[in-house]
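*Asks:* I have a structure here, written as structure tokens, and I will follow up with some questions on it.
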Amino acid sequence: MSKKFYITTPIYYVNDKPHIGHAYTTIAADVLARYYRQKNYRVYFVTGTDEHGAKVAQSANAAGMEPKAFCDQNSALFKETFKALNISNDYFIRTTDERHRVGVVKFLSKLHSNGDIYEGTYEGLYCVGCERFIKEKELVDGLCPDHKKAPEKVSERNYFFKLSKYLPAVRKLIEDGTIKILPHGREKEVLGLFKQDLEDFSVSRENVQWGIPLPFDEKQKTYVWVDALLNYITAIGYGDNDAFFEAWWPADVHVMARDILKFHCVYWPALLLAAGLPVPKVVYLHGFFTLDGKKMSKTLGNVIDPNDLVKKFGIDATRYLLLTQFPFGQDGDIKESLFAEKYNADLANNLGNLVSRVLNMIEKYCGGTVPKDVVSPIPLAHVGDYIELLQFDRALKELWEAVMKANQIIDEAEPWKLAKDPGKREQLETVLSQLAALLLEFAAAIEPFMPETADIIIGSLNEARITKGDPLFKRV
Ligand code: MSP
């Protein structure tokens with residue numbers, strides 16, 4: 001049987017509608033999912049929405065809605081947006097799903113009966129934006145450095161998870177590579193966390209009503225991060241479908257930005273160990289981007305809705321533009337003003353022209369059929385390796401270099417001149433056949449990134465009679 005590949009994105013908070021940050025991670029994961037499907041892996045790709053907790057409850061309240069109705073509305077927006085971006089997820093999990101609740105209850109009951117959950121009192125600060133307890137010394141001028149808001153003072157009865165008991169084991173799993181933290185370099189950041197004071201953390205909240213009741217104390221609601229992390233196993237049947245769960249767990253890769261590193265690289269493996277479950281194979285922490293040098297935020301009013309990009313540029317171009325802004329593993333900056341420029345240069349001009357030139361010449365000079373069975377003159381040797389390393393910008397760079405070379409081949413060969421000289425027929429047929437072979441290879445390699453474009457190119461070249469067709473990308 002072919003190999004399995006279980007890939008996840010974070011589940012996104014539904015306190016607001018989706019933005020290009022959510023789209024960015026989800027498109028990246030989609031590229032991997034599509035790539036491994038192409039390689040005949042059995043792929044299961046999960047994304048979804050994180051719906052409980054104080055932050056969502058407060059936003060619902062501000063919107064004058066019941067939390068569940070508010071979640072239904074915003075979760076639907078995420079679903080629709082991901083559809084609009086041609087995301088090929090196999091499953092969309094919502095933490096308000098009944099099957100998720102069943103899994104959470106099973107998991108927490110197990111930890112409780114093993115003695116890994118104990119009752120205590122939390123006294124300190126809580127940042128609702130982060131949905132986490134925050135320490136005095138982390139504040140800048142009394143404010144959470146990420147949300148620029150003063151945290152709430154809380155004093156409440158909580159249940160705690162015995163993180164300390166599992167820390168040495170988690171650390172060892174990271175050090176020996178059982179859990180791979182990628183890209184290289186982030187691993188150091190994670191191991192650095194173990195040198196700080198990592199304390200047992202709350203698995204429940206007393207003052208938050210919008211959540212899953214603890215099975216052993218119904219007055220307490222599951223802490224939203226514990227609820228959320230468990231999505232990775234409930235989505236594949238932990239709690240209601242053992243066989244399915246066994247077939248897919250552990251995750252082959254959890255993809256996310258580095259903002260949620262501690263939860264995924266420390267808390268999550270520890271929780272899994274406590275439940276006697278295998279740990280994920282890879283946690284990939286990509287960079288965090290700013291927009292024109294600023295944090296994307298509602299307050300600044302600079303949030304970009306991915307649906308607007310799709311309306312302006314189309315699906316595949318949106319996917320391409322987001323992934324080519326900066327190297328995937330690093331932090332970066334997105335400049336909205338450069339989208340149109342890059343679209344026109346790379347897509348409308350370079351790729352669009354190449355495809356229309358080749359199709360047009362095959363129609364005009366070869367009666368609409370590729371005359372020879374030849375190999376592509378430009379190898380695309382590293383694209384697959386780059387994708388496997390999540391170096392999407394490098395994969396796309398190699399692909400676009402091939403496009404530029406192909407355009408150069410045309411400029412140098414001048415097929416329109418060859419066509420006028422019967423003695424040069426052989427040469428004309430060879431060069432056009434080579435270009436057709438290149439386009440087919442290019443289309444297969446680009447499929448994970450730009451599925452519709454790949455289909456159009458392959459479809460055009462497989463027509464009984466090849467014609468120039470419509471432009472792939474209209475200039476904007
Ligand atoms: N609900 C939690 C995750 C729970 S997973 C068990 C959460 N949600 S979130 O809506 O805030 O999404 C955070 C994630 O969105 C990031 O890890 C990243 O994948 C994506 N991004 C949001 N903004 C982004 C940028 N500006 N840059 C890069 N990624 C962005 O945290």
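*Asks:* For the range 136-166 and the range 263-307, compute the distance between their C-alpha centroids and round to whole Å.
*Replies:* That distance is 18 Å.
*Asks:* Taking 2.2 N^0.38 Å as the expected size of a compact globular protein, what ratio does the Cα radius of gyration of the range 337-461 give against it, to two decimals? Walk me through the numbers on the way to the answer.
*Replies:* Working: Rg = 15.1 Å, N = 125, 2.2 N^0.38 = 13.8 Å.
Normalised by 2.2 N^0.38 Å, the Cα Rg of the range 337-461 equals 1.09.
*Asks:* Further question on the same structure: Order Met256, Met404, Met1, Met296 by their accessible area, 1.4 angstrom probe, all chains in place, largest first. All intermediate terms of the calculation are to be shown ahead of the outcome.
*Replies:* Values: Met256 0, Met404 95, Met1 205, Met296 30 Å².
Ranked list, largest accessible area first: Met1, Met404, Met296, Met256.
*Asks:* Report the gain in length on full extension from Lys335 to Lys219: 0.36 nm times residue separation, minus Cα-Cα distance, nm rounded to one decimal. Working shown, then result.
*Replies:* Details: separation 116, 0.36 × 116 = 41.76 nm, distance 4.75 nm.
Difference between extended and current length: 37.0 nm.
*Asks:* Within 10 Å of each candidate Cβ there may be at most 14 other Cβ atoms; applying that plus a DSSP loop requirement, which trypsin sites (Lys or Arg not before Pro) in the range 188-254 survive? Could the numbers behind the result be given before it?
*Replies:* Numbers: sites: Lys188, Lys195, Arg205, Lys219, Lys221; in loops: Lys195.
Sparse-neighbourhood loop trypsin sites (Lys or Arg not before Pro): Lys195.
*Asks:* Within the range 1-88, list the trypsin sites (Lys or Arg not before Pro) lying in a DSSP loop whose Cβ has at most 11 other Cβ atoms in a 10 Å radius. Spell out each step's value before the answer.
*Replies:* Numbers: sites: Lys3, Lys4, Arg34, Arg37, Lys39, Arg42, Lys55, Lys68, Lys79, Lys83; in loops: Lys3, Lys39.
Qualifying residues, ordered by number: Lys3.
*Asks:* Just checking the chain: which Cys have no other cysteine's beta-carbon under 4.7 Å?
*Replies:* Taking the Cβ cut-off of 4.7 Å, the unpaired cysteines of the chain are Cys71, Cys265, Cys366.
*Asks:* Of Lys188/Lys335; Lys39/Lys372; Lys295/Lys474; Lys17/Lys55; Lys311/Lys397, which sit over 22 Å apart, Cα to Cα?
*Replies:* On the way: Lys188/Lys335 30 Å; Lys39/Lys372 27 Å; Lys295/Lys474 31 Å; Lys17/Lys55 14 Å; Lys311/Lys397 25 Å.
Violating the 22 Å limit, Cα to Cα: Lys188/Lys335; Lys39/Lys372; Lys295/Lys474; Lys311/Lys397.
*Asks:* Moving on to the next point. To the nearest 0.05, what FRET efficiency results for Glu452 and Arg42 with a Förster distance of 30 Å applied to their C-beta separation?
*Replies:* Values: r = 24 Å, r/R0 = 0.80.
After rounding, the FRET efficiency stands at 0.80.
*Asks:* Using Cα atoms only, what is the angle between the long axis of helix 163-175 and the major principal axis of the chain, expressed in degrees (0 to 90) to the nearest 10?
*Replies:* Relative to the chain, helix 163-175 is tipped by roughly 30 degrees.
*Asks:* Ok, one more. Under the rule a/c < 1.5 gives rounded, and otherwise a/b versus b/c splits prolate from oblate, where does the range 113-263 land using the Cα gyration tensor?
*Replies:* Oblate is the answer for the range 113-263, as a/c is 1.5 or above yet b/c matches or exceeds a/b.
*Asks:* What FRET efficiency do you get for Ser2 and Asp308 if R0 is 45 Å and r is their Cβ-Cβ distance, rounded to the nearest 0.05? Write out the running numbers ahead of the final one.
*Replies:* Values: r = 39 Å, r/R0 = 0.86.
The computed FRET efficiency comes out at 0.70.
*Asks:* Taking the convex hull of the alpha carbon atoms in the chain, what volume per residue do you get, in Å³?
*Replies:* Numbers: hull volume 74.2 nm³, N = 476.
Normalising the Cα hull of the chain by residue number yields 156 Å³.
*Asks:* Give me the angle, in degrees from 0 to 90, between the Cα long axis of helix 392-413 and the longest principal axis of the Cα atoms of the chain, rounded to the nearest 10.
*Replies:* 10
*Asks:* Angle between the Cα long axis of helix 451-461 and the longest principal axis of the chain, 0 to 90 degrees, nearest 10?
*Replies:* The answer is roughly 20 degrees.
*Asks:* Quick check on the chain: of the DSSP beta bridges with both residues there, what percent are antiparallel, nearest 5%?
*Replies:* Numbers: 21 of 45 bridges.
That works out to approximately 45 percent antiparallel.
*Asks:* What length, rounded to one decimal in nm, is gained on full extension from Glu412 through to Glu388, with 0.36 nm per residue of separation minus their alpha-carbon distance?
*Replies:* On the way: separation 24, 0.36 × 24 = 8.64 nm, distance 3.47 nm.
Length gained between Glu412 and Glu388: 5.2 nm.
*Asks:* Could you give the length gained by full extension between Lys188 and Lys165, i.e. 0.36 nm per residue of separation minus their alpha carbon distance, to one decimal place?
*Replies:* Numbers: separation 23, 0.36 × 23 = 8.28 nm, distance 2.18 nm.
That pair, Lys188 and Lys165, stretches by 6.1 nm at full extension.
The values are calculated or read from the model by the stated rules, or taken from the named source; none is laboratory data. Because the structure is a prediction, the values reported are computed rather than measured. Counting neighbours? That spans all protein chains shown, and the Cβs are built from the backbone with ideal geometry, glycine included. Calculation scope for accessible area: heavy atoms of the full protein, side chains included, ligands and nucleic acids excluded. Shrake-Rupley method; radii C 1.70, N 1.55, O 1.52, S 1.80 Å.
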